[in-house]
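First up is the structure itself, then whatever we jot down about it.
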Amino acid sequence: MFPRLYICSFQSPFASTIYTSLYRLHIIFIIMFFSIMSGGSMHSGLVGLVCLAIASAICCSSVGSSNNIMCLESERHALLQFKQGLVDESSALDSWKGEKDCCKWRGIACNNQTGHVITLDLSYSYYHSIKRRGEISPSLLELRYLNYLDLSYNDFGGMIIPKFIGSLSQLKELKLADANFSGPIPPQLGNLSNLHTLDLYHNQVVSPENLEWLSHLSSLRYLNMSYLDLSKVVNWPQSLSKLTSLTELQLSWCELPDVNLRSLPFINSSTSLQLLDLSGNSLNSSIFYWIANVSSNFVHIDLSWNKLEGGIPKGIQNLCSLESLTLWSNQLSENFEDSVKTLSCAENTLETVDLGFNQFWGSLPDLKRFFKLRKLYLSNNQLNGSVPKSVGQLSSLESLYLRGNSLSGVITEAHFLNLSRLQYLSLSGNRFSINLSSDWNPPFQLLRLDMSSCKMGPAFPKWILTQTDLTDLYLSNAGLSGKLPNLSSTSLFTLNLSSNLFSGALPSFSPMLQRLYLSNNRFSGHLSSLCATQSPYWMYLDISKNLLSGELPNCWMQFQSLYSLNLGKNKLSGKIPSSLGSLQGIGILRLHDNNFSGELPSLENCTGLLMVDLGNNNLSGKIPTWIDQSLKNLVILRLRSNEFNGIIPFSLCSLAAIHVLDLSHNSISGGLPHCFNNITSLPTNTGVGENVELVWKGIEREFPNLIGMRSIDISSNYLIGEIPPSIASMTELKSLNLSRNKLTGKLPEDFGNMKMLESLDLSRNRISGKIPSSFASLNFLSVLDLSHNNLSGRIPSGTQLQGFNASQYMGNRGLCGPPLTQSCPGEGTEIDNKEHDNDGLISLGFFISVVLGFVTGFWMVCGSLLLKTSWRYAYFRFLDNAKDWIYVKTAVYKAKLQR
């Protein structure tokens with residue numbers, strides 16, 4: 001038995017095979033020996049064969065048992081230590097508790113000959129609701145034969161990738177994707193010379209100034225460092241070029257430095273790299289130079305979301321194995337026909353071309369030689385002309401996106417002749433006319449169809465009803481009219497038929513429907529059919545700008561997934577049903593421009609509301625206090641043109657995220673709250689993706705978004721008291737309208753702190769006192785109305801204030817100064833005196849009078865002395881006597897002074 005025990009002690013499969021053969025020969029030799037000793041009879045020969053069979057069975061059994069070997073105790077203990085550092089709230093590692101053989105634990109695989117642990121796969125499964133957390137124990141170093149380690153999609157709380165992982169020398173695959181690591185990448189990973197897969201995707205880790213440690217990974221074939229911070233790695237092209245075995249490289253959204261790759265030394269061409277993803281890195285067009293030199297066998301290239309300019313360079317024309325080229329969202333500008341010529345070498349391989357959101361121009365050439373083309377994305381460029389009918393020969397085509405160009409012409413059945421695999425078709429935003437017969441039977445089954453802004457009407461196309469797999473249908477502004485067919489049997493998730501001329505009652509819709517847009521049509525009748533729809537997945541419902549009438553049904557509790565409801569600008573009436581308050585997930589509620597009456601139902605359970613627009617109805621009652629208590633995230637509150645009364649709740653100031661507060665044209669009384677300073681933040685990101693009608697600078701306009709819109713309008717109410725000084729703390733406010741109230745008192749002195757104001761209307765109140773000098777700081781003001789108040793004093797000097805029409809200040813009897821013609825008190829007298837002085841001293845009449853008086857006086861005195869001798873002698877004698885008298889008096893005065 002010694003040989004069997006000896007053989008079974010070997011753990012190498014190769015050694016086990018050799019020694020098993022030797023053992024069998026040894027048994028045969030023993031049997032033959034005993035057969036000879038027994039005389040070699042036939043009977044003894046049979047006995048020998050039986051013994052041989054038994055010995056072989058025993059041997060094979062003993063060798064086979066070596067395949068069921070259990071894991072080593074030391075490695076089992078190491079795994080348990082590793083588990084102690086984890087928080088496994090999902091109980092995914094429960095099998096690690098009871099089973100002694102760690103090779104049978106979840107996520108563990110062992111060598112079936114040696115029992116060593118070779119695989120540790122604890123990547124998070126999305127079937128579990130809670131990710132594993134914790135730390136990575138250095139006990140993993142006991143797993144010396146580990147060649148596969150995957151800890152992806154867990155949560156390691158921002159810890160640094162452990163340096164000791166670089167000591168697991170047998171690792172071939174290391175996957176740490178999206179596991180919430182942070183800090184620097186340990187260069188010790190460069191010690192893993194056997195590594196052929198490294199996945200660090202989407203962690204908060206950063207790289208030092210170089211990637212030299214990568215150059216030691218000579219066996220690396222797959223590298224994914226997307227969403228890592230590589231902003232300081234200026235030598236990334238040189239470092240990556242040393243990975244001569246690399247076949248797949250993903251460095252998207254890494255903030256790679258934008259280096260001039262044309263100035264780098266020539267990079268030796270490699271035949272290994274096939275997939276390259278450098279999207280989202282703000283790289284310039286010199287990256288094409290690096291691509292053309294680093295490999296000649298590229299299959300997939302993704303350079304979307306960069307800063308590429310010019311056209312597709314000629315270096316790409318040598319990539320004859322290219323299957324996918326994605327250059328979406330750059331600044332490329334070239335005649336598209338030239339781009340097609342550059343790619344002609346890959347006409348036998350190219351399957352995906354994505355050049356969307358660039359500036360390619362010219363017409364679409366014949367593409368039928370690209371017979372393998374599956375996906376063609378040319379959206380949002382500057383292409384013009386018609387679509388060649390040869391596109392219908394691309395029998396492999398699955399996706400065709402031409403939206404947002406300047407293409408024109410007629411689309412016929414010939415354009416789809418052989419497109420049996422087509423699933424996604426987008427032609428919107430062009431000037432196409434769709435000429436497809438009503439009985440046309442398409443060769444394809446679409447999943448998504450977008451022909452918005454194409455001329456399709458007037459009737460709803462019947463061929464669309466043959467598309468039983470269709471999930472998304474966009475036919476807005478397509479010139480369609482008449483009644484909408486029953487769509488309850490379709491598989492639609494999204495239906496957009498807005499801006500057409502559909503009329504009649506609403507039909508039944510698919511119970512799978514999630515998004516329904518029917519705004520700006522002529523649908524009429526009641527909404528009771530919605531209750532029969534039984535669509536629990538509805539998220540967006542927009543039937544605004546139609547002719548719907550009657551009361552709202554009270555069945556909204558069945559639409560718990562509803563996020564946006566827009567029924568504005570119809571003829572709906574009655575009370576707002578209470579079941580709307582059961583929509584806990586709703587974010588947008590728009591019932592504006594209808595005839596709703598009564599008080600608001602409670603919406604306090606709708607805590608996710610961002611927008612409430614109930615303007616232009618007949619709603620009454622006080623403004624509910626639950627608005628500010630429960631709707632903390634409210635961005636737009638629009639209650640204008642109703643019959644709300646009572647005071648503005650002071651707690652309304654707790655709406656810290658508010659962008660638009662419109663309570664105008666109601667019967668609200670009392671004073672303005674003194675707590676407006678609580679909503680000074682007015683954040684930029686609103687989260688409201690809806691068109692919003694606002695009275696902006698005195699005109700009602702529709703805004704596609706609320707970026708930069710910050711407005712308060714409480715005009716046309718019965719407010720009293722002063723404007724609180726705290727209002728000046730709203731430094732980001734752009735529009736303020738408090739006109740047509742009964743406000744009194746003076747304007748706050750620091751009103752000018754609201755430097756972002758573009759529109760200010762305080763007209764038709766009873767505000768008194770002076771306009772504060774700080775008003776001169778309102779440099780962005782383009783609309784101002786202070787008319788019909790009791791303001792007085794001089795209008796402050798400022799470019800903006802003097803630039804408005806005088807009518808914006810009229811009705812303030814005490815107001816003076818430009819642009820008003822009325823002079824300020826005290827300024828008129830001074831001006832009159834100056835004018836009087838100018839008339840008496842400086843005028844031409846004054847000079848004439850002086851000259852005439854001088855001439856007359858001179859000749860009356862001097863003339864008489866010349867003509868009468870006695871007078872002349874008497875005059876000179878008087879002068880002599882006067883001179884003698886002065887001399888004597890002077891001499892006497894001097895003598896007295898000397899004594």
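The values are calculated or read from the model by the stated rules, or taken from the named source; none is laboratory data. Since this is a predicted model, take the numbers as computed values, not measurements. Here Cβ is always computed from backbone atoms with ideal geometry, including for glycine, and neighbour counts include all displayed protein chains.
Of note:
Let's see how each residue does on (1) on the phi > 0 side of the Ramachandran plot; (2) touching a residue at least 24 places away in the same chain (Cβ under 8 Å); (3) surrounded by 13 or more Cβ atoms within 10 Å (Cβ to Cβ):
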position	(1), (2), (3)
E73	no, no, no
H77	no, yes, yes
L80	no, no, yes
Q84	no, yes, no
G98	no, no, no
C110	no, yes, yes
T114	no, yes, yes
T119	no, yes, yes
K131	no, yes, yes
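- Residue among L378, L332 that alone is under 18 Å from W305 (Cα atoms) and either touching a helix residue (DSSP H, G or I) at 6+ places or on another chain (Cβ under 8 Å) or outside the structural domain of I434 (by TED's automatic domain parsing) (or both): L378
- Check on S167, farther than 20 Å from S226 by Cβ, surrounded by fewer than 20 Cβ atoms within 10 Å (Cβ to Cβ) and at pLDDT below 95: no
- Residue check for A532: more than 25 Å from G585 (Cα to Cα) and exposed (fewer than 15 other Cβ atoms within 10 Å of the Cβ): no
- Scope region 182-199; condition within 20 Å of L246 (Cβ to Cβ) and out of contact with any helix residue (DSSP H, G or I) (no Cβ under 9 Å at 6 or more places or on another chain); matching residues: N194, H196, T197, D199
- All of (1) closer than 21 Å to Y537 by Cα; (2) touching a Ser or Thr at 6+ places or on another chain (Cβ under 6 Å); (3) small (G, A, S); (4) part of a loop (DSSP other than H, G, I, E, B) hold for G581 with one exception: (4).
- Filter result for L565 (touching a residue at least 12 places away in the same chain (Cβ under 8 Å), surrounded by 15 or more Cβ atoms within 10 Å (Cβ to Cβ) and more than 16 Å from N616 (Cβ to Cβ)): yes
- Only one of the listed residues (S489, S503, S535, S519) is part of a loop (DSSP other than H, G, I, E, B) and either at pLDDT 95 or above or among the aliphatic types (A, V, I, L, M) (or both). That residue is S519.
- Single residue of K100, K163, K172, K131 found to be of a type in the set (K, R) and under 20 Å from E73 (Cβ atoms): K100
- In summary, L786 fulfils each of the numbered conditions (1) within 38 Å of the chain's Cα centre (by Cα); (2) within 22 Å of I699 (Cα to Cα) with the single exception of condition (1).
Condition check ((1) closer than 24 Å to L261 by Cα; (2) in contact with a Lys or Arg (Cβ under 7 Å, 6 or more places away or on another chain); (3) among the β-branched types (V, I, T)) across all residues:
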position: L303; (1), (2), (3): yes, no, no
position: W328; (1), (2), (3): yes, no, no
position: N335; (1), (2), (3): no, no, no
position: C345; (1), (2), (3): no, no, no
position: E351; (1), (2), (3): no, yes, no
position: L364; (1), (2), (3): no, no, no
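- Residues that are β-branched (V, I, T) and modelled with pLDDT under 95 within region 724-770 comprise I727, T731, listed in sequence order.
- Among residues of region 421-470, those that are in a strand (DSSP E or B), closer than 20 Å to F493 by Cα and of a type in the set (A, V, I, L, M), counted: 2
- Counting the residues of region 727-755 that are touching a residue at least 40 places away in the same chain (Cβ under 8 Å), under 25 Å from I795 (Cβ atoms) and surrounded by fewer than 20 Cβ atoms within 10 Å (Cβ to Cβ) gives 2.
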